[in-house]
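Nothing in this text is a laboratory measurement; each read-out follows from the coordinates by a stated rule. Keep in mind that what you see is a predicted model, and the values were worked out from it rather than measured. Ideal geometry is used to build each Cβ from the backbone, glycine not excepted, and the neighbour counts take in all protein chains shown.
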Amino acid sequence: MTVLAIDLGTTNSACAVWRGSEVKVIPNRIGELLTPSVIGVDQDGDILVGQAAKQRLITHPEQTVSVFKRLMGTSHRIEIGSLKLSAPELSSLVLKSLKEDAEQFLGEPVTEAVISVPAYFNDNQRHATKRAGEMAGLEVRRIINEPTAAAMAYGLHEQKEGLFVIVDLGGGTLDVTLLEFFEGVMQVHASAGDNYLGGEDFVNEMVEAALKSTGCDRTLLTRNERHKLHMKMETAKRRIGGEPQQLTFTVAGEEQALTVDGEWFNQLVLPLLLRVQKPIENAIRDAGISVQEVDEVILVGGSTRLAAVRSAVGKLFRRLPATTIDPDFAIVRGAAVQAGLIEKDAALDDLVLTDVCPFTLGIQAVEFVESRYVEVFCPIIERNTTVPVSRVERFGTVQDSQTEITVKIFQGESRNLSKNVLLGSLDVKVPANKAHEESIDVRFSYDMNGILDVDVVVNSTGKRYNRVIKNSPMDLSEEEFRKSLDRLSRLKFHPRDQEVNRVLLARAERLYESLLGDDRKNVGDIIAAFEGALSTQDEIIIAKARKVMARRIEEFDLEEWH
C-alpha cells in the first residue's frame, strides 16, 4: 500500500512518499519538484496543469486561473475559457496531475492520499479539499494541518525536544501552531491563523502602491496589463533587499516608471506584518505560555523567505527563527511522515502525534435577555482542544407545547451567529410539554480529520438523532458529485509526454509578447526553429532543439516569476 502525501498549495503544490525510512519528494512530468496550482485551457480545448498553464496567465488570462484555493468551501464557480468550474473541481485537476506524476515515478497505481490544509481552514474548506481528492480518484486517508505537517518534518529531521512555534506563511494563507516534542510524542497545544493572508497579498499591495504612486486608475488596466504588472511585482518582491529596482509597466497602453527599494517595501507591507503577528500572539495566549518559554521558532512556506517577515517574527520572539528545512517542502515532507504512519512503517513506530481543533464548535441557542429571547452561539468544543474529543451539553425547550428543536451547528469564535460558519442542522422531535420541561443532550465528537459527529438524545424518550457533518452547506450532494465527476471525465488533457515542449513554447510566447525590437524578433526565430523541430516528430531532433531553446530563452527571461 502506497499513501501519497500532497501539499495542495495556493500558488504551488507538491507530493511525496515515505520510502526506506526517509521522505522522497516526487518530481513532476517536467522534472520539477513544485507544480504551480494553475489551470489553463489551450487553443485545442485541452486542459493544462502547472507550469504550462502558469506561463499562459500573461498571454491568455481569460483561459487561465490561479489562487482558487481561497475559494474552497464556497459555491463560487470560476470561468476558464468556455468552462465554469468550482474550486474543488479545479483543485482536483491539480491533484490528478500530482497523482499521475507519482504513478509514473513509482511505477504503480496510487489510490490513497494524505492532503495538507491550513490549520485555520474551517469545516467547509476541509470537506471541499476532501471532495477534490475524491474527484481526482483518491481516497483521502487523512487531512493534516499544514504547520503540524511541517513540525513533523522538523521533529524527525532534527530530533530535538522542546516547545516550538511553527509559522507557515505561504502564497495565500498564514498558519501558526505551537507544539511540544518530547520522547517521540508531538503534542499540538494551540493553532491560529489567517486564511486570507499570504505572499499574494504582499504582491497585491505592491501593485496597488505602484498604480497609486504613478497616478494611474486601476480600472483602466486591461486583464493582460494587470497580470504583467503582477508578474513584475512578484519578481521585484523576490529581489527586495538588493539594489533599488527600476521598473516599467503599462496602463491603458501608456508606459509608467517606478523605483522599488527595501524601505519602500517595508513601509508598504507594515500592516500585513502586523496581521502576521496577531495569530502568533493568539496561539501563545491560548497555550498559556510566554515567548520566553518557546525553545525555537520555525519558518515554513515560501513567503517566509522575505527578510521583512523573518525580521518581524524574530523581533516578536527576540531570536532568529530556524530555517533548516527548505520552506517550500517542509509541509509535504511532514505529510509524507504521516503517510508513513498510515502505512505502519516500522521506522516510525515510536512517533505519536496529537492535534487540536482549531475552531470553536457549537450550536445556536437562545438566552432570555431583558424580557425577550436572543439567539446566541453556544460553544460545545472550544478551539485548541486536543482531538479526538467528545463533549456534551444539555439544552431545553423555550415554548409551551414545543414539538421540535432545530439544532443548528456552527463553527467560529463570535457570540454573534452571523459571524460564524453554519455547518449543518438537525431537526429533533420532542414531546409537547411546558416550556423548559423537555431537554436534549447534544454531544459533539471531533476526530483527527476534522470530521464532526453530532449525537442528540431526547432525555424524556431516549430517542437518538445523529448526523456526521461530512457535507457542508457549500458541499456537493451525491448527485451533484456524480455530475461533477462526469463533467471532469469529459475534459481533454494535454498529452503528458509533450508537457515539457508545451511549457517551453508557452514561456517563449510570454517573452515574445513582453519584448520589442530585435529581442522580440530573436525570440520569434527561436519559437519558429523549435516548432520546425516539433514538426519532424523525430524525438532525437526535438530533444536537441529543446535543449538549445531552453538555453536561449533563459538569456531573455529576466523575471523570477516563472
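Annotations for the structure displayed:
- Crossing angle, helix 123-135 versus the chain [Cα axis fit, 0-90 degrees, rounded to tens]: 60
- Length-normalised contact order of the chain in % [C-alpha pairs under 8 Å, at least 6 apart]: 15
- Rounded to the nearest 20 debye, dipole of the chain from Cβ charges on Lys, Arg, Asp, Glu: 600
- Against the chain, whose longest principal axis comes from its Cα atoms, helix 223-239 is set at around 90 degrees.
- Net lengthening on full extension, Gln43/Arg482 (0.36 nm per residue, minus Cα-Cα): 155.3 nm
- Pairs beyond 21 Å (Cα-Cα), from Lys96/Lys130; Lys315/Lys419; Lys69/Lys130; Lys54/Lys492: Lys315/Lys419
- Glu555/Thr385 FRET efficiency (R0 60 Å; Cβ-Cβ; nearest 0.05): 0.60
- A prolate overall shape is assigned to the chain, the ratio a/c of its alpha-carbon gyration tensor axes (a ≥ b ≥ c) being 1.5 or greater and a/b exceeding b/c.
- Estimated FRET transfer efficiency (Thr354, Arg415; beta-carbon r; R0 30 Å; 0.05): 0.55
- The magnitude of the dipole of the range 496-556, with charges of +1 and -1 set on the Cβ of Lys/Arg and Asp/Glu and taken from the Cα centre, is near 120 debye.
- Projected label distance in nm at Gln267 and Lys344, using a 7 Å step from Cα toward the beta-carbon: 6.3
- Using a Förster distance of 60 Å, the FRET efficiency for Glu370-Arg218 (Cβ separation, nearest 0.05): 0.80
- Each residue, Gln246 and Arg394, gets one label point 7 Å from its Cα in the Cβ direction; the gap between the two is 7.8 nm.
- Here the alpha carbons of the range 1-107 define both size measures, Rg and Dmax, at 14.3, 46 Å.
- Against the main long axis of the alpha-carbon atoms of the chain, helix 146-158 sits at an angle near 70°.
- Label-reachable residues, the range 488-509, where backbone N falls under 17 Å from a point 7 Å from Thr536's Cα toward its Cβ: 501
- Projecting the Cα atoms of Gln125, Asn145, Ser91 onto the dipole axis of the range 91-175, where Lys and Arg carry +1 and Asp and Glu carry -1 at the beta carbon, places Gln125 farthest toward the positive end.
- Cα-projected label distance for Asp427 with Leu33, points at 7 Å along beta-carbon direction, nm: 5.5
- Leading residue at positive end of dipole, the chain (Cβ point charges), from Gly301, Asn28, Ser418: Ser418
- Three-way shape label, the range 64-119, alpha-carbon gyration tensor, a/c 1.5: oblate
- Global form of the range 359-462, assessed from the alpha-carbon gyration tensor, a/c cut-off 1.5: oblate
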